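Below is one structure, written out as structure tokens; the observations come after it.
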Amino acid sequence: MRSSNPVFSREGSFTRDSGYAGFGNTAQAGSPYGANPYAGTQYAQQPQGQAPLSDEQLYEMYNGPSAGPGATGRMTLDDVVARTAMTLLTLVAAGAVAWFTLPFQNFGYAIAASLIALVVGLVIQFRVKVSPALILVYSALEGVVLGAWSHYLNTVFPGIAIQAVLGTAAVFGATLFVYKSGRIRVTPKFTRIGTAIGLGFAVLLLVNSIAWWFGGGVNTWSGPVGIGVGLIGIAIGAFYLTLDFNEIEQAIAGGAPQQEAWRAAFGLTFSLVWIYWEMLRLIASLRGDD
């Protein structure tokens, strides 16, 4: 299945290994179990003519040890949570190093790290095989960028870093609640429109940043423009989170390989970094007169 999420939008993302059905399929061709989700397991319906399990057998099955997360070689929610925790811890650790060691207001390191992170992110996105090492490198590079800029902005606007962290957590929690409650449905139309807006927004900011660097462009870090851009950016980040949640649900339901949990962690990290950055922009604009 191909996603419109910029992180998951490539062939092969969240698909099962060779010999398994993709996660849009309900059963393998020729399977005697049809669409039974428990086909091939101890819970599958007994074939005709075979005696049903006895009470003792059912009792032993019920009280037997569980396979545990990842024991079947397929991705689970626990796998996604564990990998995401690793990427975020790597990001925070690198951010702390950048905060305390990089020269203040010297953004050369941050700019270099952001460019390298862009290249690494593109390599991760288009690689057929997931690379945990590259994903952790990407997280570390993003941590350097955010750590350097957060240190600078926190000096200008004391407390902005923790405010942005809390704001990002609030957006994540609210988006997850709205998604799980069914108030947002990830339909093809919703995906197309949101993706087009997100890509247009990113291109616009890139062009404006280049123009600003050469003495033109619009300041998107203060005043009404900054507030508007920040709100739009946060909304787009929340949109990408809904795509992440939907992809993860489908991948787990489709039996994606356990290694794909790293790709899910990469997608979530990408979205959270986006939201945090736009949260910094919004708060800086709101506090511009402090």
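Of the residues making up region 249-290, those that are among the basic types (Lys, Arg) and within 26 Å of Ile232 (Cβ to Cβ) are Arg281, Arg287.
Does Ile184 meet the test of being modelled with pLDDT under 95, of a type outside the set (Phe, Trp, Tyr) and either more than 18 Å from the chain's Cα centre (by Cα) or over 27 Å from Leu91 (Cβ atoms) (or both)? Criteria not met by Ile184. In this structure, is Val130 in a loop (DSSP other than H, G, I, E, B) and either touching a Lys or Arg at 6+ places or on another chain (Cβ under 7 Å) or over 24 Å from Arg263 (Cβ atoms) (or both)? So Val130 fits the description; yes. Does region 211-234 contain at least one residue that is among the aromatic types (Phe, Trp, Tyr) and under 26 Å from Leu122 (Cα atoms)? Checking region 211-234: at least one residue is among the aromatic types (Phe, Trp, Tyr) and under 26 Å from Leu122 (Cα atoms). Take the conditions (1) surrounded by fewer than 18 Cβ atoms within 10 Å (Cβ to Cβ); (2) of a type in the set (Val, Ile, Thr); (3) out of contact with any Leu (no Cβ under 6 Å at 6 or more places or on another chain); Val137 misses just one of them, which is (1). Only residues that are aromatic (Phe, Trp, Tyr) and either touching a residue at least 24 places away in the same chain (Cβ under 8 Å) or under 18 Å from Tyr276 (Cα atoms) (or both) were counted across region 211-234, and they come to 1.
The values are calculated or read from the model by the stated rules, or taken from the named source; none is laboratory data. None of the values given here were measured: they were computed from a predicted structure. Because the Cβ atoms are built from the backbone with ideal geometry, glycine has one as well, and the counts that use them run over all protein chains shown.
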